[in-house]
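First up is the structure itself, then whatever we jot down about it.
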């Protein structure tokens, strides 16, 4: 029974989450031959102010550096 726990910062849409669940499940089926009926994917959304990277809170970084 595969169990995937994905932690991301808040902001993904319901449609994006559904696509993530579908793609992760399909990958486990394709690569490992797992049964999709027994595959669980949990998405945990973390506030940007509760996540740090490279010594800085993610909330203090631009959302899409280098993009207009």
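Only a single item in (1) loosely packed, with under 10 Cβ neighbours inside 10 Å; (2) assigned to a helix (DSSP H, G or I) is not met by residue 64, and it is number (2).
Filtering the stretch 1-17 to residues that are surrounded by 11 or more Cβ atoms within 10 Å (Cβ to Cβ) and part of a helix (DSSP H, G or I) leaves 16, 17. When 42, 29 are checked against the criterion of being modelled with pLDDT of 95 or more, surrounded by 12 or more Cβ atoms within 10 Å (Cβ to Cβ) and either assigned to a strand (DSSP E or B) or over 11 Å from the mean Cα position of the chain (by Cα) (or both), 29 stands alone in meeting it. The condition of being in contact (Cβ under 8 Å) with a residue 24 or more places away in the chain and within 15 Å of the chain's Cα centre (by Cα) holds for residue 8. Between 47, 15, the distinction of being within 27 Å of residue 63 (Cβ to Cβ), touching a residue at least 12 places away in the same chain (Cβ under 8 Å) and within 15 Å of the chain's Cα centre (by Cα) belongs to 47 only.
The values are calculated or read from the model by the stated rules, or taken from the named source; none is laboratory data. Please read these numbers as outputs of a predicted model, since none were measured by experiment. Backbone-built Cβ (ideal geometry, glycine too); neighbour counts: all protein chains shown.
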